[in-house]
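First comes the structure, then the notes that go with it.
Derivation of every value follows stated rules applied to the coordinates shown; laboratory data play no part. This is a predicted model, so every value here is computed, not measured. Here the Cβ is made from the backbone with ideal geometry for all residues, glycine too, and neighbour counts use every protein chain on show.
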Amino acid sequence: MSRSRNTNRLAKKIRDRTQLTLSTASRLARQANNYLGPSIADSPDPHQRRLEAHMTHVLASSFQDHQLNGALLGVREAEPEAQGVKLTLESDMADEVLRELLPRFDHDYGGIRGVPGLRVRGSKRRLVLHDAVSPAQVTVTRADGGSFRLPSARDGEVLLWNRFPDGLSGDEKQEAEEWTDSRGINDLRVRDLLMSRIMRRPGLINRTAAPHGFANCYTHHAGDLVIEWCCGDTVETLCAVLLAHGFADDVPRANVIELVSRHSAHLGDRTVILNRHGSCLYGRNAKYIAESIRKGYAT
Ligand SMILES: [Zn+2]
């Protein structure tokens, strides 16, 4: 199919799925620079989507602007499996991904860090991170095929995944309930859907971190995820690419996308907030920053 026909198809798809006008949808479609691809399958299981969403949320809050090789959440590839999804992790970030995801009580912080109820089984090269109370699970391997090192407790930490292998601690139960009953979130279904789609589309999300090797991500509360970057894709390009790959399918049409400005967009009624700086934030310092991030992982 010719490029222009594909652009037209995508423009119509964007127009039909959103409240954007055809001319705005066409402008986005022209920037997508790729053809309508097959959408990446969602999990049919709400527990699975919820687990993936929570993992996305924890990783975004943890890594912020400390990525290596452009792996925004430490993930290089995602492949849906019969139950769950298999993630290939950026090798040098892989142990840190485990450390951030597996739940621990942090006395200095005064609460739980990580994903409550997440437990681990499997071999050193292929771990299964699974929910203690549902069939939800995520398999992880390292991009270099190497072995994982399970995290050890730091000062003031209790490793809940290690201490309670077969069920949730009381603190975890409370934390897990807050995640499923988050006040102030308009639509938990949309949150879980979009955040799990972030995890399942690392190739698209990592485009934000590609120019410098790192970008910035963070959360305001349990219902959102912010990605900020400079250079590379414009906000409209990234939106178009995400929409082309089914990112906002099944989201109520009025809430799919709001183009706030040339540099900012909201997807899913502020579930995913995309901000791109108008000029480069780092210039020549970018490679030194990337090098200092790398040193941080090496120690
Ligand atoms: Zn830049």
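Given only helices, namely DSSP H runs of n ≥ 4 each adding -39500 (n - 2.57), what is the per-residue ellipticity at 222 nm of the chain, to the nearest 500 deg cm²/dmol?
-10500 deg cm²/dmol
For region 263-269, just list the computed ³J(HN,Hα) in residue order, Karplus coefficients 6.51, -1.76 and 1.60, θ = phi - 60°, integers in Hz, with x standing in for Gly and Pro.
10, 8, 8, 10, 10, x, 6
Given the convex hull over the Cα atoms of the chain, what projected area results after averaging over all orientations, in nm²?
One quarter of the hull surface, i.e. the mean projection, equals 15.9 nm².
What order, most packed first, do the peptides 86-96, 120-130 have when packing is the mean number of other Cβ atoms within 10 Å of each residue?
86-96, 120-130
For region 232-249, just list the computed ³J(HN,Hα) in residue order, Karplus coefficients 6.51, -1.76 and 1.60, θ = phi - 60°, integers in Hz, with x standing in for Gly and Pro.
Listing the rounded values in order: x, 3, 7, 4, 5, 5, 5, 4, 4, 5, 5, 5, 5, 9, x, 4, 10, 4 Hz.
Under the definition of Cα pairs under 8 Å and six or more residues apart, what whole-number percent is the relative contact order of the chain?
Taking the mean separation of contacting Cα pairs over the length of the chain, I get 23 percent.
For a quick check: with amide H placed at 1.01 Å from N, whose amide H comes under 5 Å from VAL120's, ignoring anything fewer than 5 positions away on the same chain?
Amide H neighbours of VAL120, under 5 Å, 5+ apart: HIS130.
Can you compute the radius of gyration and Dmax for region 73-180, using only the Cα atoms, both in Å?
Taking only Cα atoms of region 73-180, I get Rg and Dmax of 13.7, 40 Å.
Considering Cα pairs under 8 angstrom that are at least six residues apart, work out the relative contact order of region 73-180 and quote it in whole percent.
Answer for region 73-180 is 28 percent.
In which sequence would ILE205, ILE112 go, from the one with the fewest C-beta neighbours within 10 Å to the one with the most?
ILE112, ILE205
Rounded to whole Hz and in sequence order, give me ³J(HN,Hα) for region 108-117 from the Karplus expression 6.51 cos²θ - 1.76 cosθ + 1.60, θ = phi - 60°, writing x for Gly and Pro.
5, 6, x, x, 8, 10, x, 9, x, x
Sort SER26, SER196 by Cβ crowding within 10 Å, fewest neighbours at the top.
Ranked by crowding around the Cβ, least crowded first: SER26, SER196.
Amide H neighbours of GLU77 under 5 Å, at least 5 residues apart or on other chains, H built in the peptide plane: list them.
The list, which skips near neighbours in sequence, is THR88.
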